[in-house]
Every structure is written in structure tokens, then in C-alpha cells.
Amino acid sequence: MAEAAKIDQQASAIPHVLVFPLPVQGHITSMLKLAELLSLAGGGGIRVTFLNSDYNHKRLLQFSDAESRSQNYPGFRFETFDDGLPMDQLTKGEKVSELLGEMDSKTRPVFKNLLVQIQPPVTCVIGDGSLGFISDVSLEIGIPIIRFRTISPCFFWINFWLPEVIQAGELPIIGEEDMERLITKVPGMESFLRCRDLPGYCRAGTDDPTMIQVVKATRESSSPAYPLILNTFDDLDGPILARIRQRLPKTYTIGPAHEHLQSRLGTASSSSSLWKEEASCLTWLDAQPPGSVLYVNFGSITMMRRDQVIEFWEGLTGSKNRFLWVIRPGSVCSGEMADDVQMPEELVEGVEKGNLKVLVGWAPQEAVLGHEAVGGFLTHSGWNSTLESIVAGVPMICWPFFADQQVNSRFVSEVLKLGLDMKDVCDRRVVARMVNELMVERKEEFRRKAVEMARMAKESVEEGGSSYRNLELLIEDIKLMSSSQVQGLGEIGN
Ligand code: UDP
């Protein structure tokens, strides 16, 4: 073989992985952690390109030390694409289904072009499983695909069984049904999964195409031939994972990704925030007694009506507990019936007095949850927030908004017993009662459970732990893909 060809072949023996998330905060965060893990654990033996939309990349550069990745990991780089989408309006859950549809038509051709042209050629694509076109395009070009699901395994499993549930007539939910009705056709969840625990797209008459998209994406991402990556650890989701692995043997659980990265780095990982992080809340926490503060944050997409905000405010202040409430700018809408509701000044401007702080902004959430003053988390049950709370050993009160959150909140309360599920109720008396239950009456019981789960989370990412081993296996798999591609090339060349 000619010398130049040999060198070329060696270069292409270094695998090149393209990581492509759905362009929203929660997906970017967990997939960027994975991209960094591959760069780090691959020991420079893997090239990683992380694909961001222009809009998000600008924000990432503005509000985080994104560029440190390219400096810290040789072979890591960002690539961007012109989204041509109204990303700046993407602040509410209902827009996500629109985004999925628009990306399918607008981003598909852009992605195809990029994948054909990118150098060095891509060994495999790690695509967000919620974007079906990533696999379509990759397979069309002949590039292996690995799916990453940023949602919880329990929600993935429910979506996997949706066709059977629909076939059995258990879904969609029609009109004003009994929301306590059990859904019995999801194996492993027969005794506790209720209509109330399912997302809005399971209700008929919402003319939301999401259910069909979800069924399609889940089935497409469920071929046993293709590896699946889940952001969880085996001790957290054992029974569901055993069932998933019966169907999809190549399922790699590598989470909690943020803790895994931190553990391998030996120091806190860089931020991936698309908003400016306000560290002032950490200073306030420094002055509070250990375990005394309830942290309130509903994530990057949840929208709240003004009347709901006021119910929380009254419930939180009425509980007399210490709290830190971080309100994302623009997250409060004036829905019907709420137009004439006057917002308290404290919730518009923010306030810091006595035993409470309201911050209108964006918090460094991992650091907040890890602060010793924090003893509880009132959350929307996004999967990243749930994992971050679990790692920090902080029990939760759940007020889910959309997607996997309704299911996650059921799991947190019924299966993991790590907190309370407020579900679809928004009432000041319920807020106050639950805050007292979590922070005072059953504090020790929840804390014990949370500390135990946090210990298991940390063990899973340490050397020899299940997530640690799974990442090594995933890397081996990627390297094998690369060497078989090179062999293939060699054979053709010969
Ligand atoms: N987050 C943050 N600061 C905030 C609110 C959220 O850093 O003030 C981060 C949080 O730590 C998590 C992500 O944003 O990693 C939100 O993802 P999640 O899956 O919990 O919910 P989503 O925003 O997708 O609904």
C-alpha cells in the first residue's frame, strides 16, 4: 500500500463522532456532557464534533465558557448550522412539538449536506432520539447511528409501548375522564401508572401531532441493531432497564452524565447555560442554616400563568419555610382568566428579605443543589433536574409541566420514594402542606432515602461502577466501528 494511503488510513482509524442534540437547553446540557465524556475517556483517541444551532451556539458562547472544551480536549470542536427557526420564541413546552416538525423539514437537508461534507468523515452519529430525521439521514448516507435519549427510561419505556396501549383502547384519554384510571398495558407499570401521569399529547382533541411523532421516533430508535444511550444509572432504574435490555440489548446507561463527567475530571465541569448564571443566590445560601432552604425552579421551558405564580407565592410564604425561588425571565405568561391578576412586586423585580429570596434570572443549578443549605427542591421534574437533585441527595416536590415530567414525578414519589408529587394541582394550601411535609414532618425519612440514592449515583460513575463500565464499552464499540470501516476501505483499496 502506498505510504500516503497508509497515513490516510491511520488518520481515519481515529473515530470521529458527531453529536447532534435537539436544540433546547436540557438536551444540549446532557449531550454536551456525553460529548465531553467521550473526549476525556477516549483519551484523545476519539474526535468529537458537537452540532449546535447558530442561535444556541451564540448564547452558549455568551453565557458559558463553551470554548474551554476545544482547549481542554484535543479533537473536540463545535460545528453550527443555520436553523432558520424561531428559536428565540422557544420558551414554552407547546412550541417544542412545532420545533420538531419544523426541524424535520428545514434542518433535514442542512444536516444531510453537512454530513456528506464534514472532514474527517464521520464514523458514527450520536443523534438525539427525539429527532427521527437524524437516523434517517445517517443511515441513508451509510453512517452508523447511536441514539441518545435525554428523557427518563420510564418515559422511554411508556412510549415504546404506546402503540399497544392505543390498540387496547386505553389511550387517548377522552374528554373529562377519570384521570385516576390505570393504564395496564405498559409492562412493569401496571399497578401505578395513571392517566394523570401521562403527558398532554395522550389526550384526544388537543390536535397535537406530538403523539404520532413520539410513537414514530420511539419505534425508529428502538431497533435492537442500533445502540441506545440513556442518561441514568442501573441502581436507579434497574427493573425498567432490565425490560428495556431484553428488547434492546445494546443499551448503555452512562449517567448521571453531569456527575460522571465531574468524577472523571476530578473537578466541576464547565457550564452549558444558555442564560447568564446569577451567582448571587449562592452568597445568600451561604448565610442560611444547613438543610433549611427549599429551592424552587421550573427549568428552561415551563411557562406559568400569573394565577399559578401567585398560588405558589402564597403557599411558599404561608409555609413559613425558608426558600429560594428562581424565576426564568419571560416564563410567566398571562393566560386566559389571569389577565387581570396583579403580580406582587417581589415576583417581578425579585426580593431578598428574611427567610426568602426570589431571583428573576437563571441559577447555577448544580451548585445550588449541591449547597449544604438546600434541603428540598420544588421542581418541574425535568429529567436533568431530577438527576441533579438525586446526585445532590435532595428530596423533591414535583410540579410537572410536560413531556416526561408527569411520569418522572410519579416515579419520584411512588417508585423511588424520594419526594412528593403535586401533579396537576396548583393550590396555595397544597403547596404549603407539601412544603411542610417535605421540609419538616417527613424530613428525616426523605433525607435518608435521598442520601442513599446519591451514594449509589456516585458509585455508578466511579471506576468499576455500572455507568463507568458502560462508557468504556460504548467507546470500545465506537472504536470497533472505526476499525471495521478502515478495514472495509483497505479491502476495497486492495
Ligand atoms: N438550569 C440551570 N439554571 C436554572 C434552571 C435550569 O442551570 O435556573 C439547568 C438545570 O440544571 C438543568 C437544565 O437547565 O440541567 C434543565 O433541564 P431539565 O431537563 O431539568 O428541564 P427542561 O428545562 O428541559 O424542562
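The values are calculated or read from the model by the stated rules, or taken from the named source; none is laboratory data. Everything quoted here is computed from the prediction, not taken from an experiment. Cβ placement follows ideal geometry from the backbone for every residue including glycine, while neighbour counts extend to all protein chains displayed.
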Consider only pairs whose beta carbons are under 6 Å apart and that are at least six residues apart or on different chains; among these, list those whose first residue lies in region 370-391 and is at positive phi and whose second residue is assigned to a loop (DSSP other than H, G, I, E, B) and within 13 Å of the ligand (Cβ to nearest atom).
S381/P400
Residue that is farthest from the chain's Cα centre (by Cα) [pool: residues in region 160-192 that are assigned to a loop (DSSP other than H, G, I, E, B) and surrounded by 15 or more Cβ atoms within 10 Å (Cβ to Cβ)]:
E170
Does region 339-350 hold any residues that are within 16 Å of the ligand (Cβ to nearest atom) and not in a loop (DSSP other than H, G, I, E, B), and which are they?
L347
Among residues belonging to region 131-159 that are assigned to a helix (DSSP H, G or I) and within 16 Å of the ligand (Cβ to nearest atom), point out the one that is farthest from V110 (Cα to Cα).
C154
Helices (runs of 4 or more DSSP H) within region 1-116 that include 1 or more residues over 26 Å from E476 (Cβ atoms), within 16 Å of the ligand (Cβ to nearest atom) and modelled with pLDDT of 90 or more
25-41, 54-63
Hey, could you check region 267-284 for residues that are more than 12 Å from the ligand (Cβ to nearest atom) and outside any helix (DSSP H, G or I) and say which is farthest from Y55 (Cα to Cα)?
T267
Grab the strands (runs of 3 or more DSSP E) fully contained in region 351-399, keeping just those with 2 or more residues being within 12 Å of the ligand (Cβ to nearest atom), surrounded by 24 or more Cβ atoms within 10 Å (Cβ to Cβ) and not charged (D, E, K, R).
374-379, 396-398
So which pairs qualify, if the first residue must be in region 263-284 and touching a residue at least 60 places away in the same chain (Cβ under 8 Å) and within 30 Å of E463 (Cβ to Cβ), the second must be more than 14 Å from the ligand (Cβ to nearest atom) and of a type in the set (S, T, Y), the Cβ gap must be under 9 Å, and the two must be at least 6 apart or on different chains?
S263/Y468; R264/Y468; S270/S68
For region 248-266, check the following and say yes or no: at least one residue is within 17 Å of N408 (Cβ to Cβ), outside any loop (DSSP other than H, G, I, E, B) and within 13 Å of the ligand (Cβ to nearest atom).
yes
Check I310, I229 and return the single one that is away from the ligand (no atom under 14 Å from the Cβ) and assigned to a helix (DSSP H, G or I).
I310
